[in-house]
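The values are calculated or read from the model by the stated rules, or taken from the named source; none is laboratory data. Everything numeric here is computed off the predicted structure, so don't read it as measured data. Glycine also receives a Cβ, built like all others from the backbone with ideal geometry; neighbour counts cover every protein chain displayed. Note: areas computed on protein heavy atoms with side chains; ligands, DNA, RNA excluded. Shrake-Rupley method; radii C 1.70, N 1.55, O 1.52, S 1.80 Å.
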Amino acid sequence: MSWASGLVTVAARGAMVGPLGMELLLPPLDRDGDRPLYDQLYAALRDAILDQRLRRGAKMPSTRDLCGQLAISRNTALEAYARLASEGYVEARVGAGTYVTEALPDGLLQARSVAAPARVPAPHRVVSARGRLIVESEPVPSRPWSRLLPFYPGIPSFDLLPLTLWRRLVDRHLTPAAASHLFHYGRSEGLPELREAIAAYLVAGRGVRCTPEQVIVVAGSQQAVDLTARVLLDPGDAVWMEDPGWRGARSAFVAAGAMTVPVPIDDDGLDLDAARRRHPGARLAHVTPSHQFPLGRTMGLVRRLELLDWAASSGTWILEDDYDSEFRYAGAPLPALQGLDTAGRVIYTGTFSKVLFPALRLGYLVVPEPLVEPFRAAHALADRHNPSIDQAVLAAFLAEGHFARHLRRIRSAYGERQELMLEQIRDRLPDILEVSPDPAGMHLVAWLPPEVDDVAMADASAAAGISAPPLSYYSIEPPERGALMLGYTGVSRPRIRVGVQQLATALRLAIGR
Ligand SMILES: Cc1ncc(COP(=O)(O)O)c(C=O)c1O
């Protein structure tokens with residue numbers, strides 16, 4: 001009985017394959033697609049074996065017969081068989097042909113059937129309690145307005161990046177001489193030259209008090225908060241959160257099993273009296289004193305000293321998130337809270353996501369000396385270390401003065417973009433959005449009329465191609481009045497004009513004005 005005759009028997013154990021031939025047993029091959037035929041054939045045969053359309057022990061057609069059945073070349077059939085054999089799905093028996101491997105147990109095959117996709121259980125049914133918290137913490141929002149369209153807040157301008165210079169620095173480090181230390185495993189606390197350059201910048205530019213040994217290089221502030229949660233928090237610990245505040249931090253604390261305590265924001269930032277009333281025993285406070293995210297308030301000196309005093313006397317840790325302090329358009333940048341800390345209670349973090357670009361995934365922590373080793377160990381566990389070549393390039397960028405020059409350039413461009421954004425909003429939406437100049441930052445808070453739902457407005461804007469996240473998204477307790485966050489730094493001047501026009505059309509339609 002030959003395969004090609006079409007009279008072959010069932011694909012049962014020990015029998016030859018299929019009563020009707022391979023062209024009916026397998027899905028048709030896509031002859032016009034990009035995927036090579038041998039690869040398609042291999043995958044189709046593998047699936048047929050896994051879901052037992054081809055049973056174990058069944059004799060496979062000879063490659064010559066297969067070519068006739070499927071109108072393919074001999075090489076295609078040989079390649080597919082060779083791959084199946086190398087992965088153990090079939091075995092060639094000398095002088096007798098090719099057989100589906102006998103040793104494959106039915107139970108395992110059924111479990112791996114790919115033709116009938118297994119029902120995928122919901123994530124919360126398959127993960128640990130900790131895994132459930134991670135999923136529920138929603139670290140990356142998937143809302144209509146979370147696409148990276150114009151006005152998504154906190155995005156720097158990519159068109160102002162000094163790419164030629166960056167490329168030159170990369171080239172300089174991609175040499176055999178550099179290879180010996182940059183291509184090897186590196187240190188979890190970061191490349192020494194980068195730690196030094198960051199410490200020098202923070203001491204001179206941000207009023208931080210630190211040595212390079214206290215600097216831990218991390219993959220952005222998101223990793224900084226995640227490591228802080230791992231090192232300093234136990235499940236159930238209370239964390240004071242600015243409300244509204246940065247969701248990335250809240251997600252990290254929720255995922256660690258901490259209890260987030262919403263603390264309202266007043267003119268001076270975190271309302272310390274309210275915080276103490278709500279939970280006097282908090283283990284950690286997450287604050288953005290230079291420029292509160294997202295409302296933009298600055299924590300004054302008195303509040304800073306009170307907060308530090310409280311931390312020193314109660315044993316509370318303060319995580320100071322200095323995410324966008326470089327962007328101050330009026331007056332000198334305010335020194336960091338960390339520089340006033342004499343009790344070693346402040347963990348300071350900053351990022352290059354805003355001053356360079358977020359995909360760089362480089363930021364830093366400055367931790368009190370006793371915490372250096374725990375943070376280094378946590379970093380080693382999370383990802384061993386950050387990419388060494390990027391760290392070396394960034395170190396040179398900082399040490400050779402390019403960073404300071406780049407900052408001056410973007411600061412001036414961003415100041416102009418904010419002015420234009422304000423002007424456009426006041427021209428086109430004076431009756432709907434209330435905006436004020438902000439001496440710092442990367443976005444404007446555009447207040448909506450009191451009765452208007454900010455989530456609905458953000459959804460309507462997203463449908464028109466504008467990402468303007470609602471204040472409600474950043475809030476734990478519902479805000480008294482809704483607002484939209486409008487980032488301007490990553491949007492060119494012509495695009496700001498067009499974008500505000502799109503926003504105006506969308507909001508007017510949604511509100512009916
Ligand atoms: C308040 C705040 N901190 C920090 C960050 C920076 O995150 P990363 O450095 O992980 O990119 C952001 C980014 O959106 C932020 O809004």
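So the values come out like this:
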| quantity | calculated |
| --- | --- |
| The stretch 487-513: number of residues that are aliphatic (A, V, I, L, M) and in contact with a Gly (Cβ under 9 Å, 6 or more places away or on another chain) | 2 |
| Among the residues listed as 227, 232, the single one being in contact (Cβ under 8 Å) with a residue 60 or more places away in the chain and closer than 24 Å to residue 394 by Cα | 227 |
| Residue ID - most open to solvent (accessible area, probe 1.4 Å), chosen from residues in the stretch 427-453 that are under 25 Å from the mean Cα position of the chain (by Cα) and not small (Gly, Ala, Ser) | 445 |
| First in the stretch 176-196 and more than 14 Å from residue 387 (Cβ to Cβ), second anywhere and not basic (Lys, Arg), Cβ under 6 Å, 6 or more apart | 189/216; 193/395; 195/212; 195/215; 196/212 |
| All positions within the stretch 460-481 that are open to solvent by 10 Å² or more (accessible area, probe 1.4 Å) and closer than 19 Å to residue 294 by Cα | 472, 473, 474, 475, 476, 477, 478, 479, 480, 481 |
| Scan of the stretch 304-316 for residues that are open to solvent by 30 Å² or more (accessible area, probe 1.4 Å) and either in contact with a strand residue (DSSP E or B) (Cβ under 6 Å, 6 or more places away or on another chain) or within 25 Å of residue 438 (Cα to Cα) (or both), ordered by number | 305 |
| Of all residues making up the stretch 343-391, the number that are part of a loop (DSSP other than H, G, I, E, B), away from the ligand (no atom under 15 Å from the Cβ) and of a type in the set (Phe, Trp, Tyr) | 0 |
| Condition check for residue 339: within 16 Å of the ligand (Cβ to nearest atom) and not aromatic (Phe, Trp, Tyr) | no |
| Filter pass, residue 418 being open to solvent by less than 40 Å² (accessible area, probe 1.4 Å) and either within 30 Å of residue 189 (Cβ to Cβ) or without any contact (Cβ under 8 Å) to a residue 12 or more places away in the chain (or both) | no |
| Number of positions in the stretch 193-212 that are within 23 Å of residue 284 (Cα to Cα) and away from the ligand (no atom under 16 Å from the Cβ) | 4 |
| All positions within the stretch 490-508 that are of a type in the set (A, V, I, L, M) and in contact with a helix residue (DSSP H, G or I) (Cβ under 7 Å, 6 or more places away or on another chain) | 491, 496, 500, 503, 504, 506, 507 |
| Cβ-Cβ under 7 Å pairs, at least 6 apart or on other chains, the stretch 142-169 side closer than 15 Å to residue 493 by Cβ, far side in a helix (DSSP H, G or I) and open to solvent by 30 Å² or more (accessible area, probe 1.4 Å) | 150/495; 160/409 |
| Qualifying positions in the stretch 204-213 - open to solvent by 20 Å² or more (accessible area, probe 1.4 Å), assigned to a helix (DSSP H, G or I) and in contact with a helix residue (DSSP H, G or I) (Cβ under 9 Å, 6 or more places away or on another chain) | 205, 212, 213 |
| Within the stretch 143-183, considering residues that are within 16 Å of the ligand (Cβ to nearest atom) and either farther than 21 Å from residue 459 by Cβ or exposed (fewer than 12 other Cβ atoms within 10 Å of the Cβ) (or both), the one modelled with the lowest pLDDT | 148 |
| Residue ranges of helices (runs of 4 or more DSSP H) in the stretch 216-327 with at least 2 members within 15 Å of the ligand (Cβ to nearest atom) | 220-232, 247-255 |
